[in-house]
Amino acid sequence: MDAVARTGSGSGRTPRPQKSKAGWNLLGLLVFVTAGFPVYWMLNTAFKPAKDAIDPDPSLLPTGLTLSNFSRALDIADFWGPVGRSLVVSLSVVAIGVVVGTLAALAISRFAFRGRKVVIVGILAVQMVPLVAMIIPVFLLLNDLDQYDKLSGLIITYLTFILPFTVWTLRGFIVNIPKELEEAAMVDGCSPTGAFLRVVFPLLAPGMVATSVYAFIQAWNEYLYALMLLSQKNQTATVWLGNFTTKHGTEYAPMMAGSTMMAVPIVVLFLLVQRKMAAGLTAGAVKG
């Protein structure tokens, strides 16, 4: 009887995990719909006729498909020039930011030096400064350095707010890599540099990929500094979208078509690195 009672009570508790799982699934679905609806609406507007884009009673489902908005987006102003400049700026920021950020994060994580805590606090403090508050100082500084209206000046500017996050994020990944792995490699004959390249670097790859994606997205989508520091002939892709707003109004359908084309590099980047974005590859590397 006791065994039957225990079995019955156990079977009575099984629906609770199922209900909990269903609740989490429902919450995840809600988050997905909330986050994905703007993307869906952008695509829907990009492919619908221009007259339907300004309909006061829009339809959630596509009413018709057309590619004329993309032709209009390409004809309204130069597209490939701004996209090429955005790619140059974004890739440069990613390359410099990841290299410098990795070295800085390694120094903060692995070496004890005077002022180490001050550096960490300073990295956090820099991220709290609003970007809008630095526009005038950055403008004056770049003007004195003869970097105004140059892509190199914009790259330097982006690094000022991307590097702190890069250093802080990579520091978290490096701290989670046990020192015992490096020590074991050096016991086997590796130099400190060789231990980093052969042991730490492969385990740090997911963190570097995730940080690179963040840096690329931030540099690619940044608008304010690109607008203030570059002239129209050197404008980037985000500033290029402003060409759809004129004194006669805003062409929403071509603008959404342009936004869709701008989103393609981000989507391609995610497809290329999605398998590398998982963290925690060092779990269980050291026992005890």
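The values are calculated or read from the model by the stated rules, or taken from the named source; none is laboratory data. Just so we're clear, the structure is a prediction, and the values are computed from it rather than from any experiment. With ideal geometry, Cβ positions are generated from the backbone for all residues, glycine too; neighbour counts draw on all protein chains shown. Heads up: the accessible areas ignore ligands, DNA and RNA and are worked out on the full protein's heavy atoms, side chains in. Shrake-Rupley method; radii C 1.70, N 1.55, O 1.52, S 1.80 Å.
Overview of values
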quantity: Solvent-accessible area of residue 146 with every protein chain in place, 1.4 Å probe, in Å² to the nearest 10; calculated: 100 Å²
quantity: Computed helical MRE - 222 nm, the chain, DSSP H runs ≥ 4 contributing -39500 (n - 2.57), nearest 500; calculated: -23000 deg cm²/dmol
quantity: Whole-Hz ³J(HN,Hα) from phi, Karplus 6.51 cos²θ - 1.76 cosθ + 1.60, for region 52-64, glycine and proline x; calculated: 6, 5, 9, 5, x, 10, x, 9, 5, 9, x, 8, x
quantity: Accessible area (Å², 1.4 Å probe, nearest 10) - residue 139; calculated: 80 Å²
quantity: Residue 272-residue 143 FRET efficiency (beta carbon distance; Förster radius 30 Å; 0.05 resolution); calculated: 0.20
quantity: Cα centroid separation - region 220-240 against region 107-181, whole Å; calculated: 22 Å
quantity: Region 68-192, accessible area per residue, ligands and nucleic acids excluded (1.4 Å, Å²); calculated: 56 Å²
quantity: Cα-Cα pairs of region 142-288 separated by more than 23 Å (percent); calculated: 55 percent
quantity: Accessible surface of residue 63 - all protein chains present, 1.4 Å probe, nearest 10 Å²; calculated: 90 Å²
quantity: 14 Å beta-carbon shell around residue 158, net charge (K/R +1, D/E -1); calculated: +1
quantity: Span-rule helices in the chain, defined as complete DSSP H runs reaching 20 Å or more along the axis (Cα) with Kyte mean at least -0.5; calculated: 15-47, 80-110, 151-175, 201-221, 252-273
quantity: Volume in Å³ per residue [convex hull over Cα atoms, computed for region 64-211]; calculated: 197 Å³
quantity: Kirkwood Rh and Cα Rg combined as Rg over Rh, evaluated for the chain; calculated: 1.10
quantity: Accessible surface of the chain, 1.4 Å probe, proportion on carbon and sulfur as whole %; calculated: 68 percent
